[in-house]
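See below for the structure under consideration.
The values are calculated or read from the model by the stated rules, or taken from the named source; none is laboratory data. These figures come from a predicted structure and were not determined experimentally. Neighbour counts are summed over all protein chains in view; Cβ atoms, including those assigned to glycine, are modelled from backbone coordinates with ideal geometry. Note: accessible area is taken over every heavy atom of the protein model, side chains too, but ligands, DNA and RNA are not part of it. Shrake-Rupley method; radii C 1.70, N 1.55, O 1.52, S 1.80 Å.
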Amino acid sequence: MIINVENLKKTFKSYERGNTLREAVASLFVRKTKLVEAVKGISFSIDKGELVGFLGPNGAGKSTTLKILTGILFPTSGNVDIMGYTPWKDRKKYVARIGAVFGQKSQLLWDIPPLDAFNLNKAIYSIPDSEFNKKLNFMVELLEVQNVVKKPTRLLSLGERMKCEFIMAMLHSPEIVFLDEPTIGLDVIAKEKIREFILEMNKQGITFILTTHDLGDIEQLAKRVIVINHGDLIFDNTIEALRNHLGTKKLVSVSTQNPLPKFDVPGVLVKNKLSDYNAELELDVNTMGLNQFIDYINKNSTINDLTLQELPIEEVIKNLYSI
C-alpha cells in the first residue's frame, strides 16, 4: 500500500455579505460565517503501481482532496500516509518523490525551450548526468518530440507542450504522479500519444491518480475508479464494476421492415426514435430477456438489423453523479 487515506475531512470558512447597502455596511463590523464541508470523512487506499481514476462533478471535493494529497492544503481532520510521509508536514521530502501534470497550468517557462527547463529540473532535483540523459532520451523518443524540445515553449502547439509537461514531471523518477485533466483540449492523435505514454510509465511501476472529465481517458487508462460527490466517497471499485453499476441494461439499435411496435412494456425505454422503422432503445434484460424482446418485435414487425452493446460509461457516471 503506497497511499492510505483515513476519515479525511476538510471544512472551509466563508463569509456572507448582504445584498443591500445596509447589510453590506453591517458586514464590515460583524460578518456572518458559513462553514462549507468540502470533504466529509472519506477513506481509501491505493497500492503501488495502480492507475486510479478519481472522478466527481464540479464542486464534489475531488480537487480539495488532491490538494491535500499533494501537500498544498492541510485537512481539518483525518490521516494521510503516502510512502511514509504526511504530505502537508513532510512537504520538502515528499514532493521530491511525486510528480504532477495539470492540463491548465504549465510547469514550463514560456520564453525558453523545454530542454532548458528540463536542465533546470535536473539541477533542482540533483539528478545525476547519466540518469538524466537516459531518462530524457527515452521519453523524448517515446513521445516523438526530438525537435520540439529545442523550440521556445511559446511556439509549441498545445499537444507538443503537454508532451513536454509530462517529461518535466517524470524526469526525477517520481513514484506517484497526479494527473489533472492531462488531455484537455488535445486532438485525437495527441490524446492517443499521451495515453500510450501514461500506460508505458505505469508498466514501469509508477502509480497514477487521474482526475478528468474526459471519460475516454478513464476507459482506456484506469483499472479502478473512485467517485466522489458532495464531499462523500460514493464509489470505489474496478472499471468493470462501474460498468455493471446500472445492472444488466443494454443499448439496442433496431431496424425493421414494418413500423415499430409501441414500446410501452416494462424493461424497454426508447432513447431515440429515428423514424417509424428505426430506434435506439435501452433494454433491461433482467426485466425483459433478449429472446423475449426479439419475439415481441417480430410479432408486429420483421427485424432487418439489430445491434446490442453496453451502455456508454457516460450514462453510468451521470447516474452516480445524481446520487
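Of the numbered criteria (1) within 14 Å of Leu233 (Cα to Cα); (2) out of contact with any helix residue (DSSP H, G or I) (no Cβ under 9 Å at 6 or more places or on another chain); (3) assigned by TED's automatic domain parsing to the domain that holds Gly99, the one Gly41 fails is (3).
Could you tell me which residue of the stretch 6-47 is modelled with the highest pLDDT, considering only residues that are aromatic (Phe, Trp, Tyr) and part of a strand (DSSP E or B)? Across the stretch 6-47, the extreme among qualifying residues is Phe44. Out of the residues in the stretch 220-233 that are open to solvent by 40 Å² or more (accessible area, probe 1.4 Å) and assigned to a strand (DSSP E or B), which is nearest to Ile317 (Cα to Cα)? The selected residue is Leu233. Of the candidates Gln309, Gln292, the single residue that is over 19 Å from Gly53 (Cα atoms) and in contact with a Lys or Arg (Cβ under 8 Å, 6 or more places away or on another chain) is Gln309. Within the stretch 9-18, is there a residue that is open to solvent by 20 Å² or more (accessible area, probe 1.4 Å), outside the structural domain of Leu215 (by TED's automatic domain parsing) and over 21 Å from His230 (Cα atoms)? Scanning the stretch 9-18 turns up at least one residue that is open to solvent by 20 Å² or more (accessible area, probe 1.4 Å), outside the structural domain of Leu215 (by TED's automatic domain parsing) and over 21 Å from His230 (Cα atoms). Counting only residues that are under 19 Å from the mean Cα position of the chain (by Cα) and open to solvent by 20 Å² or more (accessible area, probe 1.4 Å), the stretch 159-174 holds 1 of them. Look through His213, His230 and report the one residue that is modelled with pLDDT under 85 and within 21 Å of Leu69 (Cβ to Cβ). Among His213, His230, only His213 is modelled with pLDDT under 85 and within 21 Å of Leu69 (Cβ to Cβ).
Table: residues versus (1) part of a loop (DSSP other than H, G, I, E, B); (2) free of Cβ contacts under 8 Å to residues at least 60 places away in the same chain; (3) open to solvent by 10 Å² or more (accessible area, probe 1.4 Å).
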| position | (1), (2), (3) |
| --- | --- |
| Pro182 | yes, no, no |
| Arg195 | no, yes, yes |
| Phe235 | no, no, yes |
| Glu240 | no, yes, yes |
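Out of Ile228, Ile167, I need the residue that is in contact with a Gly (Cβ under 7 Å, 6 or more places away or on another chain) and among the β-branched types (Val, Ile, Thr). Which one? On inspection, the qualifying residue turns out to be Ile228. Output yes when any residue across the stretch 281-291 is touching a Leu at 6+ places or on another chain (Cβ under 6 Å) and closer than 30 Å to Ala60 by Cα, and no when none is. Taking every residue of the stretch 281-291 in turn, at least one turns out to be touching a Leu at 6+ places or on another chain (Cβ under 6 Å) and closer than 30 Å to Ala60 by Cα.
Restricting the stretch 1-20 to residues that are more than 14 Å from Thr64 (Cβ to Cβ) and of a type in the set (A, V, I, L, M, F, W, C), the residue that is nearest to the chain's Cα centre (by Cα) is Ile3.
Residues in the stretch 256-279: is at least one open to solvent by 20 Å² or more (accessible area, probe 1.4 Å), among the acidic types (Asp, Glu), part of a helix (DSSP H, G or I) and not assigned by TED's automatic domain parsing to the domain that holds Asn229? Among the residues of the stretch 256-279, not one is open to solvent by 20 Å² or more (accessible area, probe 1.4 Å), among the acidic types (Asp, Glu), part of a helix (DSSP H, G or I) and not assigned by TED's automatic domain parsing to the domain that holds Asn229, which makes the answer no. Among residues that are crowded, with 21+ Cβ neighbours inside 10 Å, farther than 15 Å from Ile46 by Cα, of a type in the set (Asp, Glu) and assigned by TED's automatic domain parsing to the domain that holds Leu69, Asp217 is included. A Cβ distance below 6 Å, combined with a sequence gap of six or more or placement on separate chains, defines the contacts here; from the stretch 58-82, residues that are on the phi > 0 side of the Ramachandran plot reach residues that are basic (Lys, Arg) in the pairs Gly71/Arg91; Gly78/Lys9.
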